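Working notes, structure below.
Bear in mind these aren't lab numbers, they're just calculated from the coordinates by the rules spelled out. Treat the numbers as computed from the prediction; the structure is a model and nothing was measured. Ideal geometry is used to build each Cβ from the backbone, glycine not excepted, and the neighbour counts take in all protein chains shown.
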Amino acid sequence: MSVTSLLAPVSGRDGPVALPDAAHWMQGRTLYGGASALIAYTAAVRAHPGLPPLRSAQIAFAGPVGDSFEVRTDVLRAGRNVTQLRSELVMDGAVSLSATFVFGEARKANALHLAAKADPWPGAPEDQEPLGGPQIPHFIGKFELRRAQSDSGKGAPLVRRWLRLKDETGLDPVSCLILIGDAMPPGSMRAMQRNGPMSSVNWMLNILDPDAESRDGWWLVESASDHADHGYSSERLRLWDADGRLVMVGMQAAAIFG
């Protein structure tokens, strides 16, 4: 199922949604977080056309999202420049995903400070080693991956990869960023003492450029743990284009089991 096919059943009206074939977008027993967040975003913008660009979002992954659920959207506040919307995915009467999206009109810059380029630079994506995908249906099979760090296995709690969608036909820039921004596993997996499952609890993101595009569809994606203890990790997520320009940043709490 392509991304556009995945989103086709999302009409913008509150009520039940059934995804005919979501198997290739699953991560264990739930839809991959980037895909479920994109469904919530798509429901919001289709319910309220004409919104300004997305600037920020706060997403709570409260429970598994399967191939059928209910969608609920409502406006929290509509101001002169900023509109805040809530979008929820509901399974069996319980909220599985709750997202608050902040849309804002561009204004003349008063503060101006551009983010530094990616450092260390891993080299252009087309020059890096391709990485294989899973042999079973799994969301990561929808992406082409290439190496973007020299070390592997245990070590510094940071994961970096070059990544691009195998099929992104018709996907607007913001939707693309939401879909791929949560693709890396928590960086803390490299500091785990034992093998065990991990799960994203939430995701806060800021979009620096809602019109961002990248050469040949390649993006540099990073997750890094600032602190891991007591079964949780505080993670930083960053996304650069193929020229090293930072276009999205985020934070995430990850639960670590095992």
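Determine whether the stretch 71-81 contains at least one residue that is touching a Gly at 6+ places or on another chain (Cβ under 8 Å) and assigned to a loop (DSSP other than H, G, I, E, B).
Within the stretch 71-81 (the criterion being touching a Gly at 6+ places or on another chain (Cβ under 8 Å) and assigned to a loop (DSSP other than H, G, I, E, B)), the answer is yes, since at least one residue qualifies.
When the stretch 229-258 is examined, which residues are found to be in contact with a Pro (Cβ under 8 Å, 6 or more places away or on another chain), of a type in the set (A, V, I, L, M) and either closer than 14 Å to Ala183 by Cα or surrounded by fewer than 20 Cβ atoms within 10 Å (Cβ to Cβ) (or both)?
Those that are in contact with a Pro (Cβ under 8 Å, 6 or more places away or on another chain), of a type in the set (A, V, I, L, M) and either closer than 14 Å to Ala183 by Cα or surrounded by fewer than 20 Cβ atoms within 10 Å (Cβ to Cβ) (or both): Ala242, Ala254.
Examine the stretch 178-198 for a residue that is over 11 Å from the mean Cα position of the chain (by Cα) and assigned to a strand (DSSP E or B), and state whether such a residue exists.
Taking every residue of the stretch 178-198 in turn, at least one turns out to be over 11 Å from the mean Cα position of the chain (by Cα) and assigned to a strand (DSSP E or B).
Among the residues of the stretch 31-76, count how many are out of contact with any strand residue (DSSP E or B) (no Cβ under 8 Å at 6 or more places or on another chain) and of a type in the set (Ser, Thr, Tyr).
Selection size over the stretch 31-76: 1.
Could you tell me which residue of the stretch 65-93 is farthest from Ala43 (Cα to Cα), considering only residues that are hydroxyl-bearing (Ser, Thr, Tyr) and either surrounded by 16 or more Cβ atoms within 10 Å (Cβ to Cβ) or in contact with a Cys (Cβ under 9 Å, 6 or more places away or on another chain) (or both)? It would help to see each step written out before you state the result.
Going residue by residue through the stretch 65-93, those that are hydroxyl-bearing (Ser, Thr, Tyr) are 68, 73, 83, 87.
Remaining after also requiring either surrounded by 16 or more Cβ atoms within 10 Å (Cβ to Cβ) or in contact with a Cys (Cβ under 9 Å, 6 or more places away or on another chain) (or both): 73, 83, 87.
Numbers: Thr73: 7, Thr83: 15, Ser87: 7 Å.
By that ranking, first place goes to Thr83.
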